[in-house]
Every structure is written in structure tokens, then in C-alpha cells.
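The structure under discussion appears below in the form of C-alpha cells.
The values are calculated or read from the model by the stated rules, or taken from the named source; none is laboratory data. The structure displayed is predicted, hence computed values, not measured ones. Glycine gets a Cβ as well: all are built from the backbone with ideal geometry, and neighbour counts include every protein chain shown. Side chains included, ligands, DNA and RNA excluded: accessible areas come from the protein's heavy atoms. Shrake-Rupley method; radii C 1.70, N 1.55, O 1.52, S 1.80 Å.
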Amino acid sequence: MDSEIAAIMMFDRTSSIPLIQATGITEIDSILRHIVQQVKLGLPDRIRGCYLVGSYAVGEAIATSDLDIIAVCKGSPSAAEKQQLTSIIAAECQRLNSLDFDVKLVGETHLLSTGSVRFHRDSLLLSGEDIRAQVPPKPVAEHIRDSLYAQYDLFARVRPHLQVLTVPLTYPDPQGQFYGYNRRFLRTIDGVSHPGIKDLALIVFGAASALTLLKAGEYTGRGRKSEIARQYRDWIGDDWTPLVEKVDLLCRQQWAYLIPSDMEQQQQLSMLCEQTLGFENHFLDEYKFYLMAQMPQAEPFFQLRYVQRLGQLIYADRAITDLLKTFEHSDNADIRKAATEALQHY
């Protein structure tokens, strides 16, 4: 057993918190026990329960999968508690020096009022009270809205040098072998960092999943990564289907989000990266039509979010400019201000 795993096991022996539900993978469960302990020590008497979600929770983990943990706090978390959790995560990342993990602090009040998608089925209760049966399903229209909205963050993450994104997008790095979709390094459980292409896969999977949801207008399948390509073919089946399928087969299943060492496979990867830009712009075209239909009738809170988004995501399109101008006359002062600021980019 190497030194990193030995260190993890040492931490585990000092832990008095057993896992209510576990992955069955010794090293992973040891890390989870330690993280849960540190979260509870850092936020004493505030945590209702800790849950594992993502690939390890549903049995689809690969070598570079990270650990996604939701810590549900009683009531609503304060800004100080969120900052405390951020400090805990930073300290534990350095101490464990193993695979990547993230802990999200969610307020029980918020979770029970807004609902969640497949939380009751696709999570493992690690510690605390099990409130999953009380969490209502998230309305599909709200999940469509949020899934489409969130895609911007994935596009922006591979383009950190840009303050705003202008449609049509250009490659993150036009001169790079993989066009800039390989900026992020991934860690395996031994703590070693590897150049990876997970951002590429998340962009393709996120766009495909959101577009499928938009087309279907209902929840489809079980929401697993392994189902995204098939669901996209079944519901949409357009010219982008082969890209989605190859990213799943090669990037996720065969290469585990890592850059392959074989030159021929690198050429395959380069071709997938080259095609991904077109899929990003295809998504943004579909999102434009969604925005134009939804913004006039949305609640003021979401109108404000949409207008602010269009100050970050710039469409060189007269229809979008005209739409933003209508919000300069909104009854809501915040919306008027956001529209004026957004239009400075047009």
C-alpha cells in the first residue's frame, strides 16, 4: 500500500463516524469517513445529514471520478458557515492529497422547498438523518431552465481569459493540440495529477443532456452519464449524435477523461475537440430561442438573471438586442439597470 493510501487509512482509524451507506470501496469509504468527520467538527450541531452523490453514489465511477458530497445543514447556512466549509475543503484537499472532492453546503429549508432531481434514488446517506423522502421532486420546467442556464459556466471555465463570451464562440486555444479543452488536471486516488479532458466531456454531456430535456419536456431515463448518448439519439438524433456517442465511448469509458498516450488516439481526441466548438454554438443557438420565448413571461427574479446572463453571453443578434431594450422599461429597477449594463456590450 503506497504512502498516500496509508495516510488515508491512518485518518480513518482516528474517525469515530461510521458510514450509514458506503460505496464498498475501502479507500474511498476511508476518505468519505474522514471528510464527514471534518465537516461535522467544523460545523458542530449544524449538519442534518451528509450524502454522497455523483458517479461513486450510482456505481459509475472511473479512475478520475471525484467525490461529490452534499452536506445538508439545519435551516439555512450563513455566509460565515459557507466560508468555514470552504476552508475545511481547502485544508482537507492538501492533507489527504488523494482524488478530487467537493462538499456543497445546502440549506434544509431550501432543499425542502425547491426539491431535487433524483436525490432520493441517486444518493448515499453517509451520516446523519435521512430526509430524502421529504424532498419533493423538482418540477421539470424548472430543471430545464436551470440546466440550460448552467451550461454557460462550463463554456466559460475553459475560456478564463475572456470576461464575456461572444456568440459564436471561438476555440479556447485555437493553436493548441486539443484546442484548449485540456486545461484542467485530474487527480487519481494515488494523488497523482494528470492532464485531462473532463471539461470537454462535461461540456458535451451537459449540452446534450439539457437539449434532450428541452426536447422531451419530461425526465428521461435515470439521469446517469452512461445514458446521455442513448437518450440524445432517441430524442434528438441529429448530426451531433455521433459526437456525443464518441465522447462517451472514448473520453469517458476508454480514456477515463485522461489524454491518451497513443498518438493515433490523440489524433482521435483532437478531432473530437475540433468538433466540440460547433456543438457549443449549436447549443447556444437553441438557448437563444428558449430565452426569447421565456424571458417576457418569466417572474421578475428570473428575468433579472436572464438579463444579467445576456450581459455575460453576448449574441450578435438584433432580436436579442431588441429584447434587452424592452427590459429597460421594466417596472423593476434592478432589471432596468441590468438591461442598461448588458446593452453596453451590444
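Some observations on this one:
- Tallying residues that are aliphatic (A, V, I, L, M), open to solvent by 40 Å² or more (accessible area, probe 1.4 Å) and in a loop (DSSP other than H, G, I, E, B) within the range 120-140 yields 0.
- Long-range neighbours under 6 Å by Cβ, at least six apart or interchain, first residue more than 9 Å from P136 (Cα to Cα) within the range 100-124, second among the charged types (D, E, K, R) and open to solvent by 30 Å² or more (accessible area, probe 1.4 Å): D100/D66; D100/R187; F101/D66; D102/D68; L105/K82; E108/R48; E108/K74
- Qualifying residue in the range 25-36 (condition: hydrophobic (A, V, I, L, M, F, W, C), touching a residue at least 24 places away in the same chain (Cβ under 8 Å), open to solvent by 40 Å² or more (accessible area, probe 1.4 Å) and at negative phi): yes
- Taking every residue in the range 220-233 that is farther than 11 Å from V244 by Cα and in contact (Cβ under 8 Å) with a residue 12 or more places away in the chain and pairing it with any residue that is open to solvent by 40 Å² or more (accessible area, probe 1.4 Å) and of a type in the set (F, W, Y), at least 6 positions away or on another chain, the pairs with Cβ-Cβ distances below 9 Å are T220/W235.
- Number of residues in the range 298-314 that are over 16 Å from D153 (Cα atoms) and outside any helix (DSSP H, G or I) equals 2.
- Within the range 216-253, tally of residues that are among the polar types (S, T, N, Q) and in a loop (DSSP other than H, G, I, E, B): 1
Here is a yes/no grid of residues against (1) farther than 30 Å from D334 by Cβ; (2) among the small types (G, A, S):
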residue	(1), (2)
A208	yes, yes
G223	yes, yes
K246	yes, no
M263	yes, no
F279	yes, no
K288	no, no
P300	no, no
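- If the condition is being buried (at least 20 other Cβ atoms within 10 Å of the Cβ), under 15 Å from the mean Cα position of the chain (by Cα) and more than 30 Å from S30 (Cα to Cα), then the range 146-197 contributes L148, Q151, F155, V158.
- Failed item, numbered, when A210 is tested on (1) more than 25 Å from R187 (Cα to Cα); (2) open to solvent by 40 Å² or more (accessible area, probe 1.4 Å): (2)
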